[in-house]
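S.K.: Sending over a structure as structure tokens; questions will come in a sec.
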Amino acid sequence: MADSTLGIGLVLPDILGTYSDAGNAQVLQRRLQWRGTTATVLDIRHGDAVPSSLDLYLLGGGEDDAQALAVNHLRTHPGLQHAAARGAVVFGVCAGFQVLGTKFTTSDGVPHTGLGLLDAVTAPGSKRAVGEVVVDVADRLGTEPLTGFENHLGRTQVGNDSRALGPVRAGIGNGDGTEGALTGRVLATYLHGPVLARNPALADLLLAWALGATPSALPLPEIGTLRQERLRAAKRRPHR
Ligand code: GLN
């Protein structure tokens with residue numbers, strides 16, 4: 001792992017950057033650094049072509065107009081869709097989640113065709129969902145519950161070709177008692193935080209997918225160091 005460099009694409013941070021979700025890229029990069037692996041983070045801005053060669057793509061939240069602009073750009077420059085087709089990891093948050101679905105309708109009633117990487121359709125709800133969220137994801141992701149905060153009007157119906165991440169224990173999420181969506185290595189959620197800072201196990205799951213490893217094969221060096229140090233200490237001071 002030490003000589004591989006992971007390519008992370010931060011997709012349209014200039015328009016899908018309202019909720020500090022760009023921090024997800026920093027979390028992934030830092031967690032790799034701690035393990036002696038480097039990652040390059042490429043900002044893919046509005047107007048830029050979208051490269052299809054990266055390992056992992058991140059999309060953040062934004063308001064309706066920004067979201068419509070984003071989906072038009074990504075449909076015109078389909079590098080992200082090509083990357084997903086060859087197995088790259090894609091992670092979307094809120095507006096990014098809705099953009100990855102098949103269709104979303106903005107609050108002005110205008111329908112937009114999504115990228116179709118998730119079987120998910122979004123329409124405006126009657127009331128904005130704002131507040132803390134807890135989602136049970138043990139069955140689907142095998143990790144501790146996810147925590148984050150939400151701020152969205154859209155409600156999302158997940159179809160048969162995708163699965164929700166799990167039931168919400170607190171908050172609104174998709175609006176039907178579930179949260180997020182997953183198809184293969186395309187994963188999306190309504191949770192901000194940045195969500196990968198709040199949920200390191202989710203960060204490690206995405207990294208494991210991108211590296212072709214399992215999360216348990218990605219121990220953090222400081223844990224190993226502490227363990228070795230404690231083992232040495234026990235040897236120095238055996239119980240009488
Ligand atoms: N504009 C979308 C909505 O309100 C997404 C908002 C967001 O990304 N926080 O549903």
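The values are calculated or read from the model by the stated rules, or taken from the named source; none is laboratory data. If you're wondering where the values come from, they're calculated on a predicted model, not measured in any experiment. Cβ placement follows ideal geometry from the backbone for every residue including glycine, while neighbour counts extend to all protein chains displayed.
S.K.: Mind checking which residues of the stretch 74-92 are within 16 Å of the ligand (Cβ to nearest atom) and more than 17 Å from the chain's Cα centre (by Cα)?
M.R.: Matches in the stretch 74-92: 74 only.
S.K.: For the stretch 120-157, name all the residues that are closer than 18 Å to residue 198 by Cβ and of a type in the set (S, T, N, Q).
M.R.: 143, 147, 151 - these are the residues of the stretch 120-157 that are closer than 18 Å to residue 198 by Cβ and of a type in the set (S, T, N, Q).
S.K.: From 125, 116, which residue is more than 16 Å from the ligand (Cβ to nearest atom) and either without any contact (Cβ under 8 Å) to a residue 40 or more places away in the chain or in a strand (DSSP E or B) (or both)?
M.R.: Exactly one of 125, 116 is more than 16 Å from the ligand (Cβ to nearest atom) and either without any contact (Cβ under 8 Å) to a residue 40 or more places away in the chain or in a strand (DSSP E or B) (or both), namely 116.
S.K.: Which of the residues belonging to the stretch 8-21 are touching a strand residue (DSSP E or B) at 6+ places or on another chain (Cβ under 8 Å) and buried (at least 18 other Cβ atoms within 10 Å of the Cβ)?
M.R.: The answer is 8, 9, 10, 11, 12, 13, 16, 19, 21.
S.K.: So, one more: Give the residue, chosen from 197, 208, 203, that is in a helix (DSSP H, G or I), away from the ligand (no atom under 13 Å from the Cβ) and in contact with a Pro (Cβ under 8 Å, 6 or more places away or on another chain).
M.R.: Of 197, 208, 203, the one residue that is in a helix (DSSP H, G or I), away from the ligand (no atom under 13 Å from the Cβ) and in contact with a Pro (Cβ under 8 Å, 6 or more places away or on another chain) is 208.
S.K.: If I ask for residues that are among the β-branched types (Val, Ile, Thr) and part of a loop (DSSP other than H, G, I, E, B), which ones from the stretch 128-145 would you list?
M.R.: Within the stretch 128-145, 137, 143 meet the criteria.
S.K.: Right, next: Could you tell me whether residue 95 is under 16 Å from the mean Cα position of the chain (by Cα), away from the ligand (no atom under 16 Å from the Cβ) and surrounded by 22 or more Cβ atoms within 10 Å (Cβ to Cβ)?
M.R.: Considered against the rule, which asks whether it is under 16 Å from the mean Cα position of the chain (by Cα), away from the ligand (no atom under 16 Å from the Cβ) and surrounded by 22 or more Cβ atoms within 10 Å (Cβ to Cβ), residue 95 comes out as no.
S.K.: Turning to a different aspect of this structure: Looking only at the stretch 157-192, how many residues end up being touching a residue at least 60 places away in the same chain (Cβ under 8 Å), closer than 22 Å to residue 105 by Cβ and assigned to a loop (DSSP other than H, G, I, E, B)?
M.R.: Summing the residues that are touching a residue at least 60 places away in the same chain (Cβ under 8 Å), closer than 22 Å to residue 105 by Cβ and assigned to a loop (DSSP other than H, G, I, E, B) in the stretch 157-192 gives 3.
Residue by residue, here is whether (1) within 16 Å of the ligand (Cβ to nearest atom); (2) of a type outside the set (D, E, K, R) holds:
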| residue | (1), (2) |
| --- | --- |
| 22 | yes, yes |
| 30 | no, no |
| 41 | no, yes |
| 45 | no, no |
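S.K.: While we're on this one: If you take the residues in the stretch 48-72 that are over 22 Å from residue 157 (Cα atoms) and crowded, with 19+ Cβ neighbours inside 10 Å, which one is nearest to the ligand (Cβ to nearest atom)?
M.R.: Selected residue: 57.
S.K.: State whether the residues of the stretch 6-16 include one that is at pLDDT 95 or above, aliphatic (A, V, I, L, M), on the phi > 0 side of the Ramachandran plot and touching a helix residue (DSSP H, G or I) at 6+ places or on another chain (Cβ under 6 Å).
M.R.: Yes, the stretch 6-16 contains a residue that is at pLDDT 95 or above, aliphatic (A, V, I, L, M), on the phi > 0 side of the Ramachandran plot and touching a helix residue (DSSP H, G or I) at 6+ places or on another chain (Cβ under 6 Å).
S.K.: Go through (1) in a loop (DSSP other than H, G, I, E, B); (2) buried (at least 16 other Cβ atoms within 10 Å of the Cβ) for residue 148 and report which single condition fails.
M.R.: Against the list (1) in a loop (DSSP other than H, G, I, E, B); (2) buried (at least 16 other Cβ atoms within 10 Å of the Cβ), residue 148 comes up short only on (1).
S.K.: Scanning the stretch 133-155 for residues that are of a type in the set (Gly, Ala, Ser) and within 16 Å of the ligand (Cβ to nearest atom), which turns out nearest to the chain's Cα centre (by Cα)?
M.R.: 148
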